Amino acid sequence: NGMDYIQLVDLNNSNAVIGQFDASTVSEIYITGTAGNDSLTIDGSLAAYSKSLTVTFSGGFGTDTLIGAAADTSWALSGSKTGSATIAHGGVSGQDFALTIQFTNVSAISGSTGTDRLAGPSGQQNWAIKDTGKVELAGVTASGIEVLSGGTGDLLDFSALNIGVTVDLDAHAATGFD
């Protein structure tokens, strides 16, 4: 019928559509997880849509995961298992749009292709580096992250790595991150 839709799809149930919305009338979507382990994957087409959109995901209980779209994403943790992700993109006629994901009760975030940046909450933080592109911070395990953005007094803990570590403060680079 020529209309654009936003669909909520259950990837573990043969891609069953569990919600469908007329994209022209939606600017916010609220998703609440179950008592079990939930995973929310943001499709890249949603990140490229010519409209700004906010998705709010409350993971509920269990180990809940947020999987980012294949786009440059700015992740920001604001507290324990809480934060946001923003994907800015251009639209028609030079307008700028953003897909914003607000999340709570999320134990893991996963970046995708594109450059994923992670900023920590305010106050002194301990960034536990677990592997290349993988860090634990504020109750969240983040993977697929290329750039870390910490604050004054933050600590980088590389003790879990079984490889040599190089940190170049002038170049703003450390083992496993740009």
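The values are calculated or read from the model by the stated rules, or taken from the named source; none is laboratory data. Keep in mind it's a predicted model, so treat the numbers as computed, not measured. Note: ideal-geometry Cβ built from the backbone for every residue, glycine included; neighbour counts use all protein chains shown. Please note that ligands, DNA and RNA were not included when accessible areas were found on the heavy atoms of the full protein model with its side chains. Shrake-Rupley method; radii C 1.70, N 1.55, O 1.52, S 1.80 Å.
Quick notes
- In this structure, residue 170 does satisfy being open to solvent by 60 Å² or more (accessible area, probe 1.4 Å), out of contact with any Pro (no Cβ under 7 Å at 6 or more places or on another chain), over 17 Å from residue 83 (Cβ atoms) and among the charged types (D, E, K, R).
- Scanning the stretch 1-23 for residues that are open to solvent by less than 80 Å² (accessible area, probe 1.4 Å) and touching a residue at least 12 places away in the same chain (Cβ under 8 Å) yields a total of 6.
- When 138, 98, 142 are checked against the criterion of being open to solvent by less than 40 Å² (accessible area, probe 1.4 Å), within 13 Å of the chain's Cα centre (by Cα) and of a type in the set (Gly, Ala, Ser), a single residue qualifies: 142.
- Every residue from the stretch 36-75 that is of a type in the set (Phe, Trp, Tyr) and in contact with a His (Cβ under 9 Å, 6 or more places away or on another chain): 49
- When the stretch 73-89 is limited to residues that are at pLDDT below 90 and surrounded by fewer than 20 Cβ atoms within 10 Å (Cβ to Cβ), the one that is nearest to residue 154 (Cα to Cα) turns out to be 88.
- Yes/no for residue 138 being modelled with pLDDT of 90 or more and over 23 Å from residue 70 (Cβ atoms): yes
- For the stretch 1-119, the strands (runs of 3 or more DSSP E) that sit wholly inside it and include 3 or more residues that are of a type in the set (Ser, Thr, Tyr) are 53-58, 73-79, 82-90.
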